[in-house]
Amino acid sequence: MSYAGDASFWPSPVYGDLAEELLRFSRRKTNVIDGAVLELSAFTILWTLADGHPRTLRTLSEELELDQSTVNRQVNAAIKHGYLERFEVAGQVSRLIRPTPAGVEAFAHDGRLRAERLIQVFSDLAPGTPESLLHEMRAFNDAYERTTARPDDRAKRPQAL
């Protein structure tokens, strides 16, 4: 455990330690993997589009929980690199965004690199398991989303019985 500043506002030391670990974890998203070809934003957008469903800029912004101008800038950069394309659909005002063949290939390449890194990390994860980490992370993220949802978002969610 390292020093996390004045812990007087934490209900217990474990909350401060958890906050510190979450900060450490958040730094991992900017780590560049040797050999990766995509910027993090392009990888994230391609991950979202990997389900095969093209999206409007607005839908991408909502799913990524980012400002539309930020996503527009990221999409434009990925288009310049040949990873994404916009296309028109008859009867629809907004153009849709989808990966190009080069984007699919780059995503697969970088995805393999990320999978290899996770395999290495999980091989050193002791005493835990990837399955237990997934279970706890999913529970935490679900609870966090329930806690931070706006009132109008909460009304749209099905209530647990």
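For region 47-138, report the accessible area per residue in Å² (1.4 Å probe, heavy atoms, rounded to an integer).
Result: 70 Å² per residue.
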**OP:** Place a +1 charge on the Cβ of each Lys and Arg in the chain and a -1 charge on the Cβ of each Asp and Glu, then give the dipole magnitude about the Cα centre in debye, rounded to the nearest 20.
**Re:** 500
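Summing Lys, Arg as +1 and Asp, Glu as -1, what charge do residues with Cβ under 13 Å from the Cβ of residue 88 carry, residue 88 excluded? Could the numbers behind the result be given before it?
Working: positive: 86, 95, 98; negative: 85.
In short, +2.
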Original post:
With a Cα-only, solvent-free Debye model of region 8-161, what are the log10 I(q)/I(0) values at q = 0.15 Å⁻¹?
Top reply: -1.05
**OP:** Considering the options 111, 147, 61, tell which one lies farthest towards the positive end of the dipole of region 17-161, charges being +1 on Lys and Arg and -1 on Asp and Glu at the Cβ, about the Cα centre.
**Re:** 61
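Summing Lys, Arg as +1 and Asp, Glu as -1, what charge do residues with Cβ under 12 Å from the Cβ of residue 72 carry, residue 72 excluded? Display every interim value, and only then the final one.
Numbers: positive: 58, 73, 86, 95; negative: 67.
Taking every other residue near residue 72 into account, the sum is +3.
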**OP:** Averaging sequence separations of C-alpha pairs under 8 Å and six or more residues apart, then dividing by the length of the chain, give the relative contact order as a whole percent.
**Re:** 18
Subject >> Heavy atoms of residue 145 accessible to a 1.4 Å probe, total area in Å² rounded to 10 >> reply: 90
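Would you mind estimating how fast region 46-118 diffuses translationally, via Stokes-Einstein at 20 °C and 1.002 mPa s with the Kirkwood radius over Cα pairs, in µm²/s?
166
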Original post:
Hey, if we sort 80, 29 by accessible area with the 1.4 Å probe, largest down, what's the order?
Top reply: 80, 29
Subject >> Relative packing of peptides 64-75, 37-48, 132-143 - highest average C-beta neighbours within 10 Å first >> reply: 37-48, 64-75, 132-143
Original post:
So, counting K/R as plus one and D/E as minus one, what does the shell of residues with Cβ under 14 Å around residue 97 add up to?
Top reply: +2
**OP:** Round to the nearest 10 and give me the degree value, 0 to 90, for the angle of helix 130-148's Cα axis relative to the longest principal axis of the chain.
**Re:** 80
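Ignoring ligands, DNA and RNA, what percent of the accessible area of the chain is carbon or sulfur (1.4 Å)? Working shown, then result.
Details: 7000 of 12230 Å².
In the chain, the share of accessible area belonging to carbon and sulfur is 57 percent.
The values are calculated or read from the model by the stated rules, or taken from the named source; none is laboratory data. This one's a predicted model, so the numbers in the text were calculated from it and none came from an experiment. We place every Cβ from the backbone using ideal geometry, glycine too, and count neighbours over all the protein chains shown. Quick note on the areas: whole protein, heavy atoms, side chains included, nothing else; ligands and nucleic acids left out. Shrake-Rupley method; radii C 1.70, N 1.55, O 1.52, S 1.80 Å.
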